[in-house]
1. For residues that are among the charged types (D, E, K, R) and surrounded by fewer than 20 Cβ atoms within 10 Å (Cβ to Cβ), scanning just the range 111-143, find the one that is farthest from Arg80 (Cα to Cα).
2. Among the residues of the range 91-106, is any outside any loop (DSSP other than H, G, I, E, B), surrounded by fewer than 19 Cβ atoms within 10 Å (Cβ to Cβ) and touching a residue at least 60 places away in the same chain (Cβ under 8 Å)?
3. If you check Leu48 against the conditions, is it of a type outside the set (S, T, N, Q), closer than 14 Å to Thr201 by Cβ and part of a helix (DSSP H, G or I)?
4. If you take the residues of the range 66-100 that are among the hydroxyl-bearing types (Ser, Thr, Tyr) and in contact with a strand residue (DSSP E or B) (Cβ under 7 Å, 6 or more places away or on another chain), which of them is nearest to the ligand (Cβ to nearest atom)?
5. Filter the range 36-45 down to residues that are surrounded by fewer than 18 Cβ atoms within 10 Å (Cβ to Cβ) and assigned to a helix (DSSP H, G or I), then give me how many there are.
6. For the range 36-52, which residues satisfy the criterion of being touching a residue at least 12 places away in the same chain (Cβ under 8 Å) and away from the ligand (no atom under 16 Å from the Cβ)?
7. Say we look at the range 144-179 and pick out the residues that are under 24 Å from Thr70 (Cα atoms), open to solvent by 10 Å² or more (accessible area, probe 1.4 Å) and hydrophobic (A, V, I, L, M, F, W, C); which of these is nearest to the chain's Cα centre (by Cα)?
8. Name the residues in the range 68-79 that are surrounded by fewer than 19 Cβ atoms within 10 Å (Cβ to Cβ) and outside any helix (DSSP H, G or I), would you?
Amino acid sequence: MLIEQPPFLYRALFPGGIWRIPADEKCVYLTFDDGPIPEVTPWVLDKLDAYRIKATFFCVGDNVRKHPDTYQLILDRGHRTGNHTYNHIQGIRYLTQNYLANVEKAAEYIDSDLFRSPHGHMRLPQVLVLRKRYRIIFWDVVTRDYSPRLTPAEVFDVVKRYTRNGSIIVFHDSLKAEANMKEALPRSIEWLLEAGYQFKTF
Ligand SMILES: [Zn+2]
């Protein structure tokens, strides 16, 4: 499907973007978008600790401003963070300078060389500027945990069906995704571990 695993032609629209990191050994990159929020993010951190896994959290700057303690928790537990804009805005809807200013504002709260654009929607000039300062991380597997039309079992199926060596997998530490994510994440981790995948960060 086009959403769960973006096709090559779509990936080619964003030169320099990182969608997957092929490697010889079996590995995946777990990522969580749209936090940090106290209702969900600490739960994810506890779960990752239980499995001794490190992940990468693409944070919304305004959430970090509102919940600095939750953000600090991510860092204290040894995970990576990345910039996901200040207001979770889509580049395609904004003038390049305004979009970049929003990313810049988020950078006041998130010290990272990683960037992920909300919904992946960016204009080419935005990509060309951002890639000078950031590694632009897209995804190879979108779990669609945020979708009210999907059950946790279906979210888990997405992981099973599309994960391959080097996949960058997207979950969300958000209220919208909470119900699906809380059930699908542990099942996915257990399945990935059984399949022999290692968990890496950027
Ligand atoms: Zn997002």
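1. Here is the first cut: in the range 111-143, the residues among the charged types (D, E, K, R) are 111, 113, 116, 123, 131-133, 135, 140.
Filter again for surrounded by fewer than 20 Cβ atoms within 10 Å (Cβ to Cβ), leaving 111, 113, 123, 131-133, 135.
Numbers: Asp111: 10, Asp113: 10, Arg123: 26, Arg131: 18, Lys132: 20, Arg133: 17, Arg135: 13 Å.
By that ranking, first place goes to Arg123.
2. No, there is no match, as no residue in the range 91-106 is outside any loop (DSSP other than H, G, I, E, B), surrounded by fewer than 19 Cβ atoms within 10 Å (Cβ to Cβ) and touching a residue at least 60 places away in the same chain (Cβ under 8 Å).
3. Working: of a type outside the set (S, T, N, Q): yes; closer than 14 Å to Thr201 by Cβ: yes; part of a helix (DSSP H, G or I): yes.
Answer is yes for this residue.
4. We begin by selecting, within the range 66-100, every residue among the hydroxyl-bearing types (Ser, Thr, Tyr); these are 70-71, 81, 85-86, 94, 96, 99.
Next, from what is left, pick out any that are in contact with a strand residue (DSSP E or B) (Cβ under 7 Å, 6 or more places away or on another chain): 71, 81.
Details: Tyr71: 16, Thr81: 14 Å.
For the range 66-100, the residue satisfying everything is Thr81.
5. Adding up the residues that qualify gives 1.
6. Taking the range 36-52 as the starting set, the residues that turn out to be touching a residue at least 12 places away in the same chain (Cβ under 8 Å) are 36-45, 47-49, 51.
Matches in the range 36-52: Pro38, Glu39, Pro42, Trp43, Leu45, Lys47, Leu48, Asp49, Tyr51.
7. Leu175
8. Arg77, Gly78
The values are calculated or read from the model by the stated rules, or taken from the named source; none is laboratory data. It should be emphasised that the depicted structure is a prediction, and the values quoted were computed from it without experimental measurement. Don't worry about glycine lacking a Cβ; one is built from the backbone with ideal geometry, like all the others, and counts go over all protein chains shown. With ligands, DNA and RNA removed, areas are computed over all heavy atoms of the protein, side chains included. Shrake-Rupley method; radii C 1.70, N 1.55, O 1.52, S 1.80 Å.
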